[in-house]
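One structure is given below, encoded as structure tokens.
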Amino acid sequence: MSTPRPVSLQWYDNRGMPVAPTWDRAHLVDKVINAYALNGTELARDVVDLHLAEAVDKAACSLLRDQWKDGFPVAAYSELLSAIAALRSLLGYAPTPTARDVHDWARALRDISHEAVMGVPADLHEVNIVEGPHRGIALALWGPKTSQAPDTLPGPPLTLELPIVHGDSETLEHGTAFYSRLKRPNLNSGQWEFWLDRSHEFPAEGSRPHMLPITPDQGGRA
């Protein structure tokens, strides 16, 4: 019995050159909606973009929260970020970070904090952001060994300015979330906690961390 040859789905033009497939975006969005429906999540067509972006937000923050732990959760976050980035590319949505982008973003913040204290004795401190768009993120940042303000202990930078985005791919707006640290680390965890800076306007509801490189026309700070 002969085995049938697999049918190729590749198309070629009249010169024999391969033709890139044409994707029906609406059909792909329907497939995404149907996949979520199987899990009991009902999505309207106009919220698929934001739902995927918010999933990236949770996965990225969880990845940095658990980055020092061994086991499957960290690997799962990494795979989820890659899968959503690929899916969003197919759907034509604005790009979102992979795990490598997230780690590069965190390392860049650490390097910036180190540059700020070069030439003076410094220590590396574990930082936890406890509210705002970056809630749940744990970072390692440099800080001087001497107090930076009256009645405060030596530690990481007193403030952080982190890039954020708001809206979907059609209405994407870039901005900055401002954070300030407490005077002393948390007695239980030993981490330095950062809260939204009350001297600045709070980020708009629904704002998300922006962990991709900032381009000049986007504004904000890397």
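Annotations
- Set side by side, the residues P95, P121 differ, and just one is in contact with a Lys or Arg (Cβ under 7 Å, 6 or more places away or on another chain) and under 21 Å from V29 (Cα atoms), which is P95.
- Residues (part of a loop (DSSP other than H, G, I, E, B) and without any contact (Cβ under 8 Å) to a residue 40 or more places away in the chain) located in region 137-162: K145, T146, S147, Q148, A149, P150, D151, T152, L153, P154, G155, L158
- Checked against (1) at pLDDT 95 or above; (2) assigned to a loop (DSSP other than H, G, I, E, B); (3) in contact with a His (Cβ under 9 Å, 6 or more places away or on another chain); (4) open to solvent by 30 Å² or more (accessible area, probe 1.4 Å), I214 passes all but condition (1).
- Just so you know, in region 91-136 the residues that are assigned to a strand (DSSP E or B) and among the aliphatic types (A, V, I, L, M) include one that is nearest to the chain's Cα centre (by Cα), and it is I129.
- When A116 is tested against (1) over 19 Å from S207 (Cβ atoms); (2) modelled with pLDDT of 95 or more; (3) surrounded by 13 or more Cβ atoms within 10 Å (Cβ to Cβ), exactly one condition is not met: (2).
- Checklist (1) under 14 Å from the mean Cα position of the chain (by Cα); (2) open to solvent by less than 80 Å² (accessible area, probe 1.4 Å) applied to K58, failing item: (2)
- A single member of H134, H103 is under 30 Å from V29 (Cα atoms), open to solvent by 40 Å² or more (accessible area, probe 1.4 Å), in contact with a Leu (Cβ under 9 Å, 6 or more places away or on another chain) and not aromatic (F, W, Y), and it is H103.
- Test result for Y77, closer than 21 Å to P133 by Cβ and either of a type outside the set (S, T, N, Q) or surrounded by fewer than 13 Cβ atoms within 10 Å (Cβ to Cβ) (or both): yes
- Selection count where residues are part of a loop (DSSP other than H, G, I, E, B) and open to solvent by less than 50 Å² (accessible area, probe 1.4 Å), scope region 167-178: 3
- Condition broken by P21, with the remaining ones in (1) closer than 26 Å to P95 by Cβ; (2) modelled with pLDDT under 75; (3) under 21 Å from the mean Cα position of the chain (by Cα) satisfied: (3)
- Looking only at region 24-53, residues that are touching a Leu at 6+ places or on another chain (Cβ under 8 Å) and open to solvent by less than 100 Å² (accessible area, probe 1.4 Å) come to 10 in all.
- When we screen R181, R208, R110 for residues that are under 18 Å from W68 (Cβ atoms), among the basic types (K, R) and either touching a residue at least 40 places away in the same chain (Cβ under 8 Å) or surrounded by 14 or more Cβ atoms within 10 Å (Cβ to Cβ) (or both), the only hit is R110.
- Among the residues making up region 83-97, those that are in contact with a helix residue (DSSP H, G or I) (Cβ under 9 Å, 6 or more places away or on another chain) and under 17 Å from E54 (Cβ atoms) are I84, A85, L87, R88, L91, Y93, A94, P95, T96, P97.
The values are calculated or read from the model by the stated rules, or taken from the named source; none is laboratory data. Here the structure is a predicted model, which is why all the values come from computation and not from measurement. Neighbour counts are summed over all protein chains in view; Cβ atoms, including those assigned to glycine, are modelled from backbone coordinates with ideal geometry. Ligands, DNA and RNA are excluded from the accessible area calculation, which covers all protein heavy atoms including side chains. Shrake-Rupley method; radii C 1.70, N 1.55, O 1.52, S 1.80 Å.
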